[in-house]
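Here the structure is laid out as structure tokens; the discussion comes afterwards.
The values are calculated or read from the model by the stated rules, or taken from the named source; none is laboratory data. If you're wondering where the values come from, they're calculated on a predicted model, not measured in any experiment. Neighbour counts run over all protein chains shown; Cβ positions are idealised from the backbone, glycine included. Just so you know, the surface numbers come from the protein's heavy atoms only, side chains and all, with ligands and any DNA or RNA stripped out. Shrake-Rupley method; radii C 1.70, N 1.55, O 1.52, S 1.80 Å.
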Amino acid sequence: DPSWDGTNTSGFSALPGGLRNSNYGNFSIEDYFGYWWSASPNGTSYAWSRLLYSGYDYVLRSSGSQRDGFSVRCLRDE
């Protein structure tokens, strides 16, 4: 089992949902990677995303096809 024992100091309890590949329609790398969409496009067919990996203690910036299936974090105004 990968270790997801972070401190959660940010208040974002991220779980590794993996991704859905738009070319094949399959889900993969769940339990190890978590991908979240950003609101920022990267050209016309791509968008920026954030990536968490079970072996690292930082957030990576990535880019994916807008047709891929990444996780979304919804925020509520209080």
Problem set entry | Selected from 60, 10, 45, residue furthest toward positive end of dipole (the chain; charges at beta carbon) | 45
Problem set entry | Accessible surface of the chain, 1.4 Å probe, proportion on carbon and sulfur as whole % | 47
